[in-house]
Amino acid sequence: MSYTCSVCNKEHDKISEVMACVHSHDAAPLTGGSADYYKVRVDRPTSGGEPYTAECNDIIEALNMEYDVANAFKAAWRVAALRQGRGKPDQDSAVYDGEKIVFFGQRIIERSK
């Protein structure tokens, strides 16, 4: 099984259930805009059809997520991207994003009561 790296756009083998590009990439500067770690290639869509690239923000807007739900979703997305070697440049965000998920999760619970 293989995947396409969103940074170098090359196909790589899937190693140990973790998809990580074997090439070293220069970290892109953080600008506050769209970033490659918010994109993922869907090679085998569940509903069939052609492969495509999904972007975190497109899913947030398509589902009309509330602020707290969207922030928890983005944090979970970044944790998964980090596991695949595509996290924020120069940052190990697993703990930080895990804490954000808990914080926004509590807000979702409080709002739902």
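Here are a few things to note about the model shown:
- Segment 62-83 - residue that is open to solvent by 30 Å² or more (accessible area, probe 1.4 Å) and not hydrophobic (A, V, I, L, M, F, W, C) and, of those, nearest to LYS39 (Cα to Cα): LYS74
- Residue match in segment 99-106 (condition: in contact (Cβ under 8 Å) with a residue 12 or more places away in the chain, outside any loop (DSSP other than H, G, I, E, B) and open to solvent by 40 Å² or more (accessible area, probe 1.4 Å)): yes
The values are calculated or read from the model by the stated rules, or taken from the named source; none is laboratory data. Worth saying up front: this structure is predicted, and the values here are computed from it rather than measured. Cβ sites come from the backbone with ideal geometry, for glycine too, and all protein chains shown count toward neighbours. Remember, those area values only see protein heavy atoms, side chains included, never the ligands or the DNA or RNA. Shrake-Rupley method; radii C 1.70, N 1.55, O 1.52, S 1.80 Å.
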